[in-house]
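Colleague: Dropping the structure in here first, questions after.
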Amino acid sequence: MKKGLKVCTAIRDENYENRTIDILKSKDWIHSFVDIDDIVNEHRKNSLFFIVEDSYTSILDLIELHNSCALNFLPVIILSNEGSRHCNWAKRVRYPEKYFQVKTDCFIESAVQIISTMDALRDTYQFKKTSQFREDVSSSFKKHPLFSDFLNDILPRMLDLLYAERGSIMILNKKNNLVVEASTKKELVGLEVEYKPDSVAWTVINSEKPVFVEDIENDPRFKKGTGYTKDYFLSTPIFVNGKIIGVLNLSDKMVSLLFDASDNENARNLLKMIEPYFYIDLLSS
């Protein structure tokens, strides 16, 4: 059983909530009353769990905003009373497996089992998502003779796992210029970007470190009217055998948060799965 599990509760009946808290403490789990900071800033931790009464629809809606991203999994037990007008809330979520709805009067006796099962399901789900991506990458590479076509095929799958609606992959060519090999804006594919040291992409190339942008609108490195719908941007390096060969750009985050270190770590993990294919392309070019 996972140690350090943090279980956040939002239950209207104080006595019932106290009984639930006693159960959590008996298993050495950490208890917290639901706080927006848990949902917004801690939502990708593999130790976070929620027990929420279905009448707290604003809390459930905020959790679902993050659960709608494929790689994320916030396990939630939804407590429903007999005749509740909110009992159908979970029918409109993107990934129903991230929620377990149970009648309030039946929960206490099976609380530990339900929490443990849902927590294990989270680990299994996330493993399957990354494994599926690895399989998709292999299948796509076999299907597309042109490397650019391969990258354009897998880019949308990466974006879905990385909270981004838009993105691009830029690779250094033999002239040491960056070329847009894949992009959600198809008209940019093939564009060659000459050296400009103060640009975001070239800053990443020169420093070999990611660049986080919080305000595209007022950042001098971005042209006005670029069409970004949100202010947040992340550019992270692509390595092959420890040598930087390009950058992955992410923008228009699906949820109202800045790109952060967790996003960069997830991006790095996905890029590691693609690194062998970049190496094969370099050898053949």
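Colleague: Could you go through the range 173-185 and let me know if any residue there is over 23 Å from K243 (Cα atoms) and out of contact with any Leu (no Cβ under 8 Å at 6 or more places or on another chain).
Modeller: yes
Colleague: Considering only the range 112-151, how many residues are out of contact with any strand residue (DSSP E or B) (no Cβ under 8 Å at 6 or more places or on another chain), open to solvent by less than 50 Å² (accessible area, probe 1.4 Å) and not basic (K, R)?
Modeller: Going through the range 112-151 one residue at a time, the tally reaches 13.
Colleague: Which of the residues belonging to the range 96-106 are open to solvent by 30 Å² or more (accessible area, probe 1.4 Å) and outside any helix (DSSP H, G or I)?
Modeller: The answer is F100, Q101, K103.
Colleague: Find the residue count for the range 153-173, including only residues that are open to solvent by 30 Å² or more (accessible area, probe 1.4 Å), in a helix (DSSP H, G or I) and farther than 13 Å from I274 by Cβ.
Modeller: 2
Colleague: Within the range 250-285, can you find the residues that are within 15 Å of the chain's Cα centre (by Cα) and among the polar types (S, T, N, Q)? Please lay out each step first, then the result.
Modeller: If we filter the range 250-285 for residues that are within 15 Å of the chain's Cα centre (by Cα), which is where we start, we get 250-271.
Correct list: S251, S256, S262, N264, N266, N269.
Colleague: Can you tell me how many residues within the range 66-92 are crowded, with 17+ Cβ neighbours inside 10 Å and either under 14 Å from the mean Cα position of the chain (by Cα) or of a type in the set (V, I, T) (or both)?
Modeller: The number of residues fulfilling the criteria is 11.
Colleague: What number of residues within the range 1-60 are open to solvent by 30 Å² or more (accessible area, probe 1.4 Å), in a loop (DSSP other than H, G, I, E, B) and among the hydrophobic types (A, V, I, L, M, F, W, C)?
Modeller: Number satisfying all stated conditions: 2.
Colleague: On to the next question. Restricting attention to the range 91-134, and to residues there that are of a type in the set (V, I, T) and free of Cβ contacts under 8 Å to residues at least 24 places away in the same chain, which single residue is farthest from K25 (Cα to Cα)?
Modeller: Taking the candidates together, the pick is T124.
Colleague: Here is a follow-up. Could you say which residue among L71, L79 is under 30 Å from M158 (Cα atoms), in contact (Cβ under 8 Å) with a residue 60 or more places away in the chain and in contact with a helix residue (DSSP H, G or I) (Cβ under 7 Å, 6 or more places away or on another chain)?
Modeller: The match here is L71.
The values are calculated or read from the model by the stated rules, or taken from the named source; none is laboratory data. Just so it is clear, the model here is predicted, and its values are computed rather than measured. Counting neighbours? That spans all protein chains shown, and the Cβs are built from the backbone with ideal geometry, glycine included. The area values use the complete protein model at the heavy-atom level, side chains included, leaving out ligands, DNA and RNA. Shrake-Rupley method; radii C 1.70, N 1.55, O 1.52, S 1.80 Å.
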